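Student: Shown below is the structure under consideration.
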Amino acid sequence: MSFFGLGKLTGIGKQKQPNIPSSTAAKNQPPLFLRKNHALSHLVKGSFKGVVQLPKYTDLNEWLSINTFEFFNLINMFYGVIADFCTINECPTMSAGPNTEYTWTDTQRKTIKLAAPQYIDYVLSQIQTTLDDERVFPTKIGADFPKDIRSTLCVMYRHLFRILAHIYWSHYVELLNLKIEGHINSLFAHFISFAKEFDLLDRKDMAPMADLIAFYEQQGIIVS
């Protein structure tokens with residue numbers, strides 16, 4: 001189920017406007033996405049609890065898979081909207097705020113630092129390959145999901161969260177200029193609500209966005 005008006009995000013002009021200050025421009029100031037007037041901009045009003053709960057007579061793995069496909073497509077689309085601003089020069093590290101930097105583990109199990117656009121490209125490509133793998137996400141009637149499907153999903157949600165966190169910390173200005181903060185806020189609240197409902201993210205994974213999550217919990221938007 002999608003609430004995000006996908007067509008509205010297609011072909012959005014990407015001219016960066018100078019009228020909104022950077023979220024990190026002033027020290028000791030909260031990031032823009034934590035300012036109440038921005039944080040409360042949503043397409044969906046109220047709690048996401050009823051939206052994410054497993055419907056009656058629905059297979060759990062099917063429900064997890066369907067929603068994962070949708071979250072992947074939506075996050076991929078949102079990143080595409082701001083991709084012109086997420087460059088190696090502008091985002092030389094894959095960060096989510098001043099205290100969080102993510103590294104990539106290659107096929108040789110070697111940890112390497114990547115610029116944000118490179119990291120995100122790797123993540124999205126890896127997740128797309130996994131989603132297309134019939135052995136992991138079977139589409140044929142009667143085919144079973146693998147026993148380790150939950151561990152696979154947890155890795156995917158951890159990586160998708162990192163993309164969202166990077167967008168919030170590094171590109172919220174662009175979202176405000178494009179007037180789509182309500183879209184990303186609703187997507188984020190939906191994503192976190194779903195991850196919490198099915199225990200797909202650890203608390204430590206969500207740490208870079210803990211303040212926004214706590215605010216949405218106080219507002220009854222995210223209900224554990």
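Student: Short version: ³J(HN,Hα) in whole Hz for each residue of the stretch 133-140, in order, from phi by Karplus 6.51 cos²θ - 1.76 cosθ + 1.60 (θ = phi - 60°), x for Gly and Pro, what are they?
Tutor: Per-residue couplings from phi come out as 7, 4, 6, 9, 10, x, 10, 7 Hz.
Student: Additional query: Work out the length of the dipole vector of the chain about its Cα centre, built from +1 on the beta-carbon of each Lys and Arg and -1 on the beta-carbon of each Asp and Glu, and round it to the nearest 20 debye.
Tutor: So the dipole magnitude of the chain works out to roughly 520 debye.
Student: Students often forget the sequence filter, so: which aspartates and glutamates lie under 18 Å Cα-Cα from Lys45 once same-chain residues fewer than 8 apart are removed?
Tutor: Glu181, Glu217
Student: According to the square roots a ≥ b ≥ c of the eigenvalues of the Cα gyration tensor, what is the shape class of the stretch 100-190, taking rounded for a/c under 1.5, prolate for a/b larger than b/c otherwise, and oblate for the remainder?
Tutor: oblate
Student: Cα-Cα over 32 Å: which of Lys140/Lys196; Lys110/Lys204; Lys56/Lys140; Lys49/Lys113? Don't skip to the answer; put the middle values down first.
Tutor: Details: Lys140/Lys196 29 Å; Lys110/Lys204 22 Å; Lys56/Lys140 22 Å; Lys49/Lys113 37 Å.
Flagged as over cut-off: Lys49/Lys113.
Student: Same structure, new question: Using the per-residue mean of other Cβ atoms lying within 10 Å as a proxy for protection, in what order, highest first, do the peptides 161-167, 65-71 fall?
Tutor: Packing proxy ranking, top to bottom: 161-167, 65-71.
Student: What percentage of the solvent-accessible surface of the chain, computed with a 1.4 Å probe over protein heavy atoms, is contributed by carbon and sulfur atoms?
Tutor: Values: 5940 of 11880 Å².
On the chain, the fraction of accessible area on carbon and sulfur atoms equals 50 percent.
Student: Which value, in debye to the nearest 20, describes the size of the charge dipole of the stretch 173-224 about its Cα centre when Lys and Arg Cβ atoms bear +1, Asp and Glu Cβ atoms bear -1, and nothing else is charged?
Tutor: 60 debye
Student: Pick out, from Thr68, Leu32, Leu54, the residue whose Cα sits farthest towards the positive end of the charge dipole of the chain, with +1 on the Cβ of Lys and Arg and -1 on the Cβ of Asp and Glu.
Tutor: So the residue we want is Leu32.
Student: Further question on the same structure: Over the chain, with a Gaussian network built from C-alpha contacts below 10 Å, which listed residue (Ala116, Ala210, Ala143) shows the highest mean-square fluctuation?
Tutor: Between Ala116, Ala210, Ala143, it is Ala143 that shows the largest mean-square fluctuation.
Student: How big is the charge dipole of the stretch 99-194 about its Cα centre, in debye rounded to the nearest 20, if each Lys and Arg gets +1 on its Cβ and each Asp and Glu gets -1 on its Cβ?
Tutor: Roughly 240 debye for the stretch 99-194.
Student: Next question. Just want the answer: with Cβ charges of +1 for Lys and Arg and -1 for Asp and Glu, which residue in Leu187, Gly220, Gln108 is farthest toward the dipole's positive end in the chain?
Tutor: Going by the charge dipole, the pick is Gly220.
Student: Something else now. Going by Cα centres, the stretch 53-92 and the stretch 148-176 are how many Å apart?
Tutor: 8 Å
Student: Measure off 7 Å from each Cα along the Cα-to-Cβ vector at Phe69 and Val51, then give the distance between these two points in nanometres to one decimal.
Tutor: 1.9 nm
Student: How large is the helix-only mean residue ellipticity at 222 nm for the chain, computed as the sum of -39500 (n - 2.57) over DSSP H runs with n ≥ 4, divided by its residue count, in deg cm²/dmol to the nearest 500?
Tutor: Per the formula, -15000 deg cm²/dmol.
Student: Another question about this same structure. Per the Kirkwood treatment, what hydrodynamic radius in Å, one decimal, follows for the chain from the mean inverse distance over all distinct Cα pairs?
Tutor: Evaluated over the chain, this radius sits at 18.3 Å.
Student: Taking the Kirkwood radius as the inverse of the mean 1/r across Cα pairs, report the Rg/Rh of the stretch 85-145.
Tutor: 1.16
The values are calculated or read from the model by the stated rules, or taken from the named source; none is laboratory data. In this text, all values refer to a predicted model and were calculated from it rather than measured experimentally. Reconstructed Cβ throughout: ideal geometry from the backbone, glycine too, with neighbour counts over all protein chains shown. Just the protein is used for accessible areas: all its heavy atoms, side chains included, with ligands, DNA and RNA removed. Shrake-Rupley method; radii C 1.70, N 1.55, O 1.52, S 1.80 Å.
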